[in-house]
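All remarks here apply to the structure that follows.
The values are calculated or read from the model by the stated rules, or taken from the named source; none is laboratory data. All figures in this text were calculated on a predicted structure; none of them were measured in a lab. Cβ placement follows ideal geometry from the backbone for every residue including glycine, while neighbour counts extend to all protein chains displayed. Areas reflect the complete protein model, heavy atoms only, side chains present, ligands, DNA and RNA absent. Shrake-Rupley method; radii C 1.70, N 1.55, O 1.52, S 1.80 Å.
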Amino acid sequence: MSFISKWAGLLGLLAVLVIGDQIRINRPGHKYRLTVEVTTPDGIRTASGILAVVPDRNYNRGGRTTMRGEAVFVDLGQGKNLVALLAHQQGGKLDLDDINYVALRAYGAARSNRVSFNDINRQTGIVPVQGELIPVLVSLGDPKDPATARLVAGDHAEAVLGDGYAVRGLTAEVVPNGFWPIDFGGVLGEPVTRGIEAKLPWLAAPGEAAATALKAAGLPVGGAIDAREAFARK
């Protein structure tokens, strides 16, 4: 074997190791389907989205658990909608991290037992998302205008949406990770849900539209919070 062939082989091996390590670091720890059901005068409307939770696997241990996915947009008909954000409101502050633990805590509550990150992929069935686990809910009078966002109380949705509308419930279901990063659907695994920019076109435009929506809904925005992350994360 020539000197050049040896170096080519070593470089190829190094490339494989680097790619493999990046897959290890960035592969989701688990995925879950968040489903929202709403009662309307015309029947029950449902929408769901696949969210991926990625724990910190970096060597420096300086990172944090992150999320990939988008808010769940429910088309209620009659020009109405409900959006479950990737955010919770805690103590007058907007929390963008609790969405990472919704499935984990929902299964723990349903099983009356603590579920660890290592065990979450072994959970089966669909469990309710209740109480403080329910993310912030908003509705947009005009999906094309972020300034029309209004906060929706889970137990009094009719105050914003009108008579005959009610949040029937939210659920979580762990789904297989699939063959990430080629989880394009089918036997490869369900991909993270994308497409909210088609429903809320201002998300694709530069500027402070996401912050405008949160402020219009009366939600606190400030500090280090990236308002867009309440709607979508890469």
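Take the conditions in contact with a helix residue (DSSP H, G or I) (Cβ under 8 Å, 6 or more places away or on another chain), more than 22 Å from Ala230 (Cβ to Cβ) and either open to solvent by 60 Å² or more (accessible area, probe 1.4 Å) or modelled with pLDDT of 70 or more (or both) and apply them to Asn58. Does it pass?
Working: in contact with a helix residue (DSSP H, G or I) (Cβ under 8 Å, 6 or more places away or on another chain): yes; more than 22 Å from Ala230 (Cβ to Cβ): yes; either open to solvent by 60 Å² or more (accessible area, probe 1.4 Å) or modelled with pLDDT of 70 or more (or both): yes.
In short, yes.
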Check on Thr124, touching a residue at least 40 places away in the same chain (Cβ under 8 Å), open to solvent by 50 Å² or more (accessible area, probe 1.4 Å), touching a Pro at 6+ places or on another chain (Cβ under 6 Å) and not basic (Lys, Arg): no
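Please indicate, with yes or no, whether at least one residue in region 98-107 is assigned to a helix (DSSP H, G or I), modelled with pLDDT of 70 or more, aromatic (Phe, Trp, Tyr) and over 13 Å from the mean Cα position of the chain (by Cα). Steps first, please.
So in region 98-107, the residues assigned to a helix (DSSP H, G or I) come out as 98-107.
Now restrict to residues that are modelled with pLDDT of 70 or more: 98-107.
Okay, now just the ones that are also aromatic (Phe, Trp, Tyr), so 101, 107.
Narrowing further to those that are over 13 Å from the mean Cα position of the chain (by Cα): 107.
There is at least one residue in region 98-107 that is assigned to a helix (DSSP H, G or I), modelled with pLDDT of 70 or more, aromatic (Phe, Trp, Tyr) and over 13 Å from the mean Cα position of the chain (by Cα).
Please determine, by comparing only the residues of region 6-45 that are at pLDDT 75 or above and outside any strand (DSSP E or B), which one is nearest to Glu158 (Cα to Cα).
So in region 6-45, the residues at pLDDT 75 or above come out as 27-45.
Those left that are additionally outside any strand (DSSP E or B): 27-29, 41-42.
Working: Arg27: 40, Pro28: 37, Gly29: 37, Pro41: 11, Asp42: 14 Å.
Restricting to residues being at pLDDT 75 or above and outside any strand (DSSP E or B), the top hit is Pro41.
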If we ask which residues in region 114-124 are out of contact with any helix residue (DSSP H, G or I) (no Cβ under 9 Å at 6 or more places or on another chain) and either modelled with pLDDT under 90 or outside any loop (DSSP other than H, G, I, E, B) (or both), their number turns out to be 3
Taking region 150-161 and keeping residues open to solvent by less than 20 Å² (accessible area, probe 1.4 Å) and over 22 Å from the mean Cα position of the chain (by Cα) leaves Leu161
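Can you tell me which of Arg150, Arg168 is more than 30 Å from Gly108 (Cβ to Cβ), touching a strand residue (DSSP E or B) at 6+ places or on another chain (Cβ under 6 Å) and of a type in the set (D, E, K, R)? Quick ask: steps written out before the conclusion?
On the way: Arg168 fails: more than 30 Å from Gly108 (Cβ to Cβ).
On inspection, the qualifying residue turns out to be Arg150.
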When you check Phe73 against the structure, is it open to solvent by 10 Å² or more (accessible area, probe 1.4 Å), in a loop (DSSP other than H, G, I, E, B), in contact (Cβ under 8 Å) with a residue 40 or more places away in the chain and under 23 Å from Ala52 (Cα atoms), yes or no? no
For region 192-234, the count of residues that are modelled with pLDDT of 95 or more and more than 21 Å from Gly91 (Cβ to Cβ) equals 21
